[in-house]
Every structure is written in C-alpha cells, then in structure tokens.
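One structure is given below, encoded as structure tokens.
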Amino acid sequence: NRGLAQCLEFLGRNLGFHEELFTLVEKTRFANPPLTQGRKPLTASLHQTNMNKILILLILLKPVLSISQIKFDDNVSIEFPGKIEKFDTIADGVSIKTFYHNTAEDSYAAIRTELDNLEYPSSETELKKYYRTLSKTYIEKFHQKGLILKDSSFVNINKLLFMKLILKDNDSENQNGESLILFADKTLYVFVYSKVLKYNERNKSTFLQSISFNKDLKQIEENFKLLSLSIKLGLLILFLLLIRIYKIRNKASS
C-alpha cells in the first residue's frame, strides 16, 4: 500500500517525541529554615507570611494532585493522574498532538496523529497489517528510551481492534511499560505508560482503562462491508427463489 508506506516514512521523520517524555521531571521543593535555640517567637506578620507560603504551596500542588481529562477530539479521550504538558506540531500538513505527565516513579503519554491521506483497510486482516507497519516507528522510538518490545498482540475493546505492546527493560525480562495503539477514523492514537523509577501495575491499568471513545469509530472501509452484506443478501434471495420454484413445480406435477 503506497499510502501506508508514505505514512510510515512521515512518522519516522516527524514523530513528535520529547526528550522529557520518559525522563524525570524536576520537582520544586519548598522548605523553611529550622528554628534555632534562643530564637524569638514569631511575630504576627511573620506568621501571616508563612500562612501565605502554605497557601501558595497548596495552589501549586493542586493541579499536580488532580486528575486531568484530555479530549483529543469528539471521538477519544483519556484521563491523566495529574498536571499535563502538551506539545502540538504540524509537519507536511499533518497534525500531531502529544500530551504527557511525569512523576518521580512513572510516565504517561498520549499521542494523536492525523492520517487523512491513508486509505482505510478493507478487512480486519489488512487492519492488522496496518498496525504492524505503523507500530514500527514507535517501537524504534521506545527502544531508544530503554523500552524494549517484549510482546505484541491484538485486543478487542468494545468492538474496536487495538494493538497492545508489552515493553521490558534492556537488560532483563521485567516489564517496564505498556502501550495501546488505536487506528480509527484515519487517525492514529498511541497511549503509553512507562516506568521511570518504579513500574506500578495499578497505575498502568488505571491510565489505560480510562480511555473512552465513540463506539461508532470507523476502522475498515464500509463499502467492503456493504458489498459483503449485499452478496449474502443476494444468495439468500436466490435460495428462497429456488425453493419457491421447486414448490410450484411440485404442485403443477401433482
């Protein structure tokens, strides 16, 4: 498929990965100097200053501790466990949106790439070929970040076909990440959970299971489905017609 080959070449050139996608985000630390012996009691104004610092700290922590839902479009959304960083780019007329959230222990990312020039596959078998081809670029990028492909499979979620990638450490078989890939409505969605310092199965499941989407998303060319349905309907009508002709002839001969 020429369109698929061009799409793969485009992803290889322009995939909007950030260096910070799988790295540790620096945390701002707040500390007050300890009280020393013999220090005079705090005045009312100093007490008020400390209260202001606490309020500022709570305000700064609020977006980090809250859950943020990202709606890519009218079809797909996902929930992040905290404050989200966003990066948008347009290359060769193709829009790529990247959202990610890092903590001291793990990393969360979601990438949306529009593939308007890519034709729909005509069957589920061809759709799987699309996934294998499109995932190659991401697998290479994961490898560069120390996320090595351990296993891949296809999973059906609410009648949509996803590709699942299990990722492992470079020097062991220990799982350090997981990715779900969805091709639908000529758009590629990639969701990634990965370890920074610690792999957390619960965090991974919570993140990936928060994906919500329109059940009417298109993955396979509908014309092919209509053709298949028309053939089946035509065969059924032909079968019923033959039965009717057979009955009429039997009635006439009797």
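Assorted remarks:
- Within the stretch 89-105, the residues that satisfy the criterion of being under 25 Å from Lys186 (Cβ atoms) and either free of Cβ contacts under 8 Å to residues at least 24 places away in the same chain or crowded, with 20+ Cβ neighbours inside 10 Å (or both) are Ile90, Gly93, Ser95, Ile96, Thr98, Phe99, Tyr100.
- In the stretch 181-210, the residues that are farther than 18 Å from Phe154 by Cα reach residues that are small (Gly, Ala, Ser) and open to solvent by less than 50 Å² (accessible area, probe 1.4 Å) with C-beta atoms within less than 6 angstrom, at least six apart or across chains, in these pairs: Ser194/Ser107; Ser194/Gly177; Val196/Ser107.
- In the set Tyr130, Tyr108, only one residue is crowded, with 20+ Cβ neighbours inside 10 Å and within 14 Å of the chain's Cα centre (by Cα); that residue is Tyr108.
- Within the stretch 69-88, being within 16 Å of Leu217 (Cα to Cα) and surrounded by fewer than 20 Cβ atoms within 10 Å (Cβ to Cβ) holds for Lys71, Phe72, Asp73, Asp74, Asn75, Ser77.
- Which listed residue is open to solvent by 30 Å² or more (accessible area, probe 1.4 Å), modelled with pLDDT of 90 or more and closer than 25 Å to Glu79 by Cα, from Lys150, Lys164: Lys164
- All positions within the stretch 162-194 that are more than 18 Å from Ser205 (Cα to Cα) and outside any loop (DSSP other than H, G, I, E, B): Phe183, Ala184, Thr187, Leu188
- Breaking point among (1) in contact with a Gly (Cβ under 8 Å, 6 or more places away or on another chain); (2) closer than 21 Å to Thr113 by Cα, for Leu167: (2)
The values are calculated or read from the model by the stated rules, or taken from the named source; none is laboratory data. Note that this is a predicted model, so its numbers are computed, not measured. As a convention, Cβ positions derive from the backbone with ideal geometry for all residues, glycine included, and neighbour counts pool all protein chains shown. Protein only, heavy atoms only, side chains kept; ligands, DNA and RNA dropped before computing areas. Shrake-Rupley method; radii C 1.70, N 1.55, O 1.52, S 1.80 Å.
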